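Below is one structure; the comments refer to it alone.
The values are calculated or read from the model by the stated rules, or taken from the named source; none is laboratory data. Model, not experiment: these values are computed from the prediction. Backbone-built Cβ (ideal geometry, glycine too); neighbour counts: all protein chains shown. Areas reflect the complete protein model, heavy atoms only, side chains present, ligands, DNA and RNA absent. Shrake-Rupley method; radii C 1.70, N 1.55, O 1.52, S 1.80 Å.
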Amino acid sequence: MAIAEIGIIGGSGLYKMEALTDIEELDVDTPFGKPSDLIIVGKIEETKVAFLARHGRNHTMLPSELPFRANIYAMKQLGVKYLLSASAVGSLQEEIKPLDMVVPDQFIDRTKNRISTFFGEGIVAHITFDHPICKNLAKILTDVITDLNLPGVNLHREGTYVCMEGPAFSTKAESNLYRSWGAQIIGMTNLPEAKLAREAEIAYATLALVTDYDCWHPEHDSVSVEMVIANLQRNGINAQKVIQETVKRLSKNPPSSEAHSALQYAILTDLKNAPTTTKDKLQLLLEKYL
């Protein structure tokens, strides 16, 4: 039985949701190990949500150490159909300022050491990923930000997110390269989540919270942890307001999403002849198609 249809993954600076009531902490296990932390299930008004601190509540995991598959699979096990990701990013463009919010619609993958699929071990699937964000979920998010009209916050309704490996920030040459590609923001976590959420048939959207100009900017100091933390704290307050209102609207009128049938034509392997161990491991993803 589904526990929560709406999931929230909180990134740097968003380690808990202040508005949650009736809180229960769940120690979830998956075929891919444990998620980053206990999953907190609670209510925003009357709507149940599942919240996970992406890096652990004490921020103890590097981006390359995150158990992405366990995080998304755990959300699937809890019945999540809509997943909101709050994430700190750097800006690659002058007009996107620190403290602005971006709801990206595209990604560029610059990671090197991430496993970004549940498949393999005898079952092959290729999801369609030309539009990596659920546009209907993203629209609710952008409408909320517009309606809230938060002081000092400018909204950018689309943009390309460069997902880098980290944990070091960019070199200036890299930062200028990404700018030349026309990318808007840069972070270290969201692309593996988006791919895995699509494979899990979960609608996914990112609330990107700008903490700094990446190091390309000639009039700003290089990115420092001190600068990022100061803006994280300010962004966190605004992110909570946006997520709370988004959850309310989602619960009243959950949108359709192409993600919810993403595997319908994606699986190339004849599942009748696929390894039983792999089918058992992926039962939650495959049960509609077995």
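Counting only residues at least eight positions apart within a chain, or on another chain, the aspartates and glutamates with an alpha carbon under 18 Å from that of LYS48 are GLU5, GLU18, ASP22, GLU24, GLU25, ASP27, GLU245. Consider a paramagnetic label point 7 Å from the Cα of ILE3 along Cα→Cβ; state which residues of the stretch 35-49 have an amide N under 16 Å from it. Under 16 Å, as judged by backbone N against the label point of ILE3, lie 35-44, 47-49 of the stretch 35-49. Rounded to whole numbers, the Karplus 3J(HN,Hα) couplings from phi for the stretch 124-133 are 10, 9, 10, 6, 6, 9, 5, 10, x, 10 Hz, using 6.51 cos²θ - 1.76 cosθ + 1.60 with θ = phi - 60°, and x at Gly and Pro. Computed over the chain, the range of Cα coordinates on each principal axis works out to 60, 43, 33 Å, biggest value leading.
Cβ-Cβ distance of SER261 and ASP143, R₀ of 25 Å, FRET efficiency by 1/(1 + (r/R0)^6): the value works out to about 0.55. Would you list, by chain and number, the aspartates and glutamates whose Cα falls below 18 Å from the Cα of LYS272, excluding same-chain residues fewer than 8 positions away? Output for LYS272: GLU121, ASP280, GLU287.
For LYS172, the aspartates and glutamates whose Cα falls under 16 Å of its own Cα, not counting residues fewer than eight places away in the same chain, are GLU94, ASP212, ASP214, GLU219, ASP221. Relative contact order, whole percent, for the chain stands at 25, derived from Cα pairs under 8 Å and 6 or more residues apart. Rolling a 1.4 Å probe over the protein heavy atoms leaves ILE44 with an accessible area of roughly 10 Å².
Against the chain, whose longest principal axis is taken from its Cα atoms, helix 225-252 shows a tilt of about 50°. For the cross-link pairs LYS76/LYS241; LYS81/LYS279; LYS112/LYS252, the ones whose C-alpha atoms lie over 30 Å apart are LYS112/LYS252. The radius of gyration of the Cα set in the stretch 112-237, together with its Dmax, comes out at 16.6, 53 angstrom. Taking GluC sites (Glu not before Pro) across the stretch 139-236, the ones in a DSSP loop with at most 15 further Cβ atoms lying within 10 angstrom of their Cβ are GLU158, GLU165, GLU219. Counting only protein heavy atoms and a probe of 1.4 Å, the accessible surface of the chain is 49% carbon and sulfur.
Solvent-accessible surface of the chain, averaged per residue with a 1.4 angstrom probe and all protein chains in place: 45 square angstrom.
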